[in-house]
Amino acid sequence: MEILNEIKFTMPSLSVNESAARAVVSSFLIQADPTVEELSDIRTAVSEAVTNAVVHGYRHKKGNIELTVRLLPDRVIYIRIKDKGCGIADVEQAMEPLFTTAPEEERSGLGFSVMQSFMDKLKVKSAPDKGTTVTMRKRLSAHGD
């Protein structure tokens, strides 16, 4: 995979850092000149992934969340959000709309559905006690499309 540019950002698993992750991604992507809608979609998907890591991955414990953003050929954006939290026993079940492991926190269980709807590709790799890695891709429209 040819990487045209890349940024890596590590942050503590604090809910306030969800906005920092959005800001980092937005600032990095300006070089690709995305549309306002594309940028909004990507920011929303990143918010959901980081929130999942904070709320579900670490469950009130502290840990780090690693964010990697890459600009690939053909205007493809690659984003990876990785935690070393509790992991997901059944990824397929977790990706079902309305499924949540935190109903006491009034979570809607739509995080993965939102990520899927805003990105072209979504991959979730996880194992209990090993953490979770969410990888997303989106191809930006050509200028003028």
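The values are calculated or read from the model by the stated rules, or taken from the named source; none is laboratory data. Everything quoted here is computed from the prediction, not taken from an experiment. We place every Cβ from the backbone using ideal geometry, glycine too, and count neighbours over all the protein chains shown.
Can Ile88 be described as crowded, with 18+ Cβ neighbours inside 10 Å, at pLDDT 85 or above and within 24 Å of Glu2 (Cα to Cα)? It is false that Ile88 is crowded, with 18+ Cβ neighbours inside 10 Å, at pLDDT 85 or above and within 24 Å of Glu2 (Cα to Cα). Among the residues of the range 64-83, is there at least one that is free of Cβ contacts under 8 Å to residues at least 40 places away in the same chain and in a helix (DSSP H, G or I)? No: the range 64-83 contains no residue that is free of Cβ contacts under 8 Å to residues at least 40 places away in the same chain and in a helix (DSSP H, G or I).
Scanning the range 14-25 turns up no residue that is at positive phi and surrounded by 12 or more Cβ atoms within 10 Å (Cβ to Cβ).
Taking only the range 32-62 into account, find how many residues are touching a residue at least 60 places away in the same chain (Cβ under 8 Å), β-branched (Val, Ile, Thr) and over 27 Å from Gly85 (Cα atoms). Result for the range 32-62: 1. Note on the range 42-58: residues that are more than 21 Å from Phe28 (Cβ to Cβ) and of a type in the set (Lys, Arg) total 0. Ser113 meets each of the listed conditions (1) under 15 Å from Thr135 (Cα atoms); (2) modelled with pLDDT of 90 or more; (3) not hydrophobic (A, V, I, L, M, F, W, C) apart from (2).
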